[in-house]
Amino acid sequence: MSRPISITIDSTILKNNLSIIRKISFNSKLWAVVKSNAYGHGIRYIWKLLLDADGFALVELEDALFLRKIGYIKPILLLEGFFEKKELEIFDRYNLISCIHSEWQIDVLEHFNFSAPLDIYVKFNSGMNRFGFDLKDFLVIWNRLSSLKNVGNMTMMTHFVNIDDFSYLKNTRRCISSILDNYKIKCCFANSAVILFSSYFNYDWVRSGILLYGLSPTGNDSDISNYGLKPVMTFSSKIIFIRDVNIGDILGYGNYIIKEKKRIGIVACGYSDGYPRNISISTPVLVDGVITKTIGLISMDTLIIDLTCCPKAHIGSNVELWGNNISIDKVACMSNTISYELISSLSSRIPILLK
Ligand SMILES: *Cc1c(COP(=O)(O)O)cnc(C)c1O
C-alpha cells in the first residue's frame, strides 16, 4: 500500500486543450512544450495524448531520447540546444532539432562530423537578455549559419519578455518586420502568453506550454476560461488521521496555538511532495466536496486541515489540493509564486494516474 496521494491527469481535457490552442493559434504549427516532465504531468504518461501536436519541445535530452525510443517520429526541438559537443552525436543519430543561442555552439557545429545536416532554431534576444544573439547582428549570424554545410533547415526564434508592455511589443515587432521584409525565413516566437494576447506574432510555429495544461500564463483564470481551456491536473490526497484539539493546544511545528476548539485532519501531503511550505495559513482545500483550509505549518509529509466545518469528513476522505475546484493560481498566490513553479516542482514519489 502506498501513500494515498496522487496526480490525476484528465486525458479528455488535455486533448481538448490541444485542439482549442490549435484554433486560437490559427494556421501555425504547434510545439507541445513538455520540459520538466511535461510541467509535472508526467511525459511518460501524456505523450500519447499529444500526438496531434506537430512536435515536442523540451530541454532534457534524456526525455527526447525516451520519445524517440518509444517510436515518436515527428520533430523534437531542444529549446536550449546542446550543452556540450558530445551530445551532437545524439542529435545526429535521433534527428533532433537544436536551438543555437551562442557563438560557441556555432563553432562546435561547424567542426562536427554529422551524417546529415542538423536542423536548427536560431535564437535571438528580443530584450530578455537570457539567451540568443542580438537582433542587430541578425545578418552576420544568419549568413554565417546558412553557409555551413552542417546546417539544414533554419528557423528564427525568440522569447518575449513582457507582453503587457505595448511599446516594447511595437518596437520588437518593427525590428523583426524589418528583417522579415528582406528575408523569407521561418519563425517561431510565441509562447502561451503571446498565443493568447499577441497573436500577430504567431508566424510558422508556436510553442505552447502552460496553456496545454489548462493554466493561465498570467495567473488569472478568466484569461483562459473564455476559450474553454481547463486544468488537466488534479492534485489530491486523503485524510489519514483525525483529532479534536482545544484552546491553547499546539499544532504541528512552529508553535502554532489553537485559539478555539477544533476538529483537525492530517493529510498525506507535505512540502517534500511539492506543496509549498511558505504557504499562508488558511489556504483552501476541498474535502469530500466541502471547501475548508489548511491550518498551521506544512510538514515534510503531511499538512493539517480544519475539519470543524466538515462534520462528515472521515479517515480516507478525499482532499483536493488543487485542480478543477481549488484554483492552483490561488494556492500559488498564497505562497508567493506562480502555477508554473508548483506543477513543475511536484515530487517524483507521487504516482500519476491517467483518467
Ligand atoms: C518553457 C518555454 C516555453 C513555454 O512557455 P509557456 O509560457 O509555458 O507557454 C516556450 N519557449 C521556451 C523557449 C521555453 O523555454
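A few notes on this one:
- Residue match in the range 85-92 (condition: without any contact (Cβ under 8 Å) to a residue 40 or more places away in the chain, surrounded by fewer than 18 Cβ atoms within 10 Å (Cβ to Cβ) and among the β-branched types (Val, Ile, Thr)): yes
- Within the range 264-287, being in a loop (DSSP other than H, G, I, E, B) and in contact with a Lys or Arg (Cβ under 9 Å, 6 or more places away or on another chain) holds for Ala268, Cys269, Gly270, Ile281, Ser282, Thr283.
- Hits in the range 201-211 (condition: under 13 Å from Ile24 (Cβ atoms) and either charged (D, E, K, R) or out of contact with any helix residue (DSSP H, G or I) (no Cβ under 6 Å at 6 or more places or on another chain) (or both)): Asn202
- In the set Ile281, Ile264, only one residue is farther than 21 Å from Ser6 by Cβ and modelled with pLDDT under 95; that residue is Ile281.
- Only one of the listed residues (Leu180, Leu148, Leu169) is over 29 Å from the mean Cα position of the chain (by Cα) and at pLDDT below 95. That residue is Leu180.
- Remark: Asn191 falls outside the filter, which requires a residue to be among the polar types (S, T, N, Q), out of contact with any His (no Cβ under 8 Å at 6 or more places or on another chain) and modelled with pLDDT of 85 or more.
- Candidate set: the range 124-144, residues that are buried (at least 19 other Cβ atoms within 10 Å of the Cβ) and within 13 Å of the ligand (Cβ to nearest atom); chosen: the one farthest from Phe91 (Cα to Cα): Ser126
- Elements of the type helices (runs of 4 or more DSSP H) sitting completely within the range 1-99 and holding at least 3 residues that are at pLDDT 95 or above and within 16 Å of the ligand (Cβ to nearest atom): these cover 11-24, 35-39, 61-69.
- Yes/no for Ile163 being over 27 Å from Phe56 (Cβ atoms) and among the hydrophobic types (A, V, I, L, M, F, W, C): no
- Search result, residues across the range 55-79 that are surrounded by 16 or more Cβ atoms within 10 Å (Cβ to Cβ) and either touching an Asp or Glu at 6+ places or on another chain (Cβ under 8 Å) or closer than 17 Å to Asp204 by Cα (or both): Gly55, Phe56, Ala57, Val59, Leu61, Pro75, Ile76, Leu77, Leu79
- For the residues Val232, Val206, the requirement of being of a type outside the set (Ser, Thr, Tyr), within 27 Å of Asn336 (Cα to Cα) and buried (at least 23 other Cβ atoms within 10 Å of the Cβ) singles out Val232.
- Evaluated against (1) within 22 Å of Tyr340 (Cα to Cα); (2) modelled with pLDDT of 95 or more; (3) in contact with a strand residue (DSSP E or B) (Cβ under 8 Å, 6 or more places away or on another chain); (4) not aliphatic (A, V, I, L, M), Thr292 falls short on exactly one condition, (1).
- Residue in the range 106-123 that is in a loop (DSSP other than H, G, I, E, B) and buried (at least 20 other Cβ atoms within 10 Å of the Cβ) present: no
The values are calculated or read from the model by the stated rules, or taken from the named source; none is laboratory data. The model shown is predicted, which means the values in this text are computed figures rather than measured ones. Using ideal geometry, Cβ is built from the backbone for each residue, glycine included, and neighbour counts are taken over all protein chains shown.
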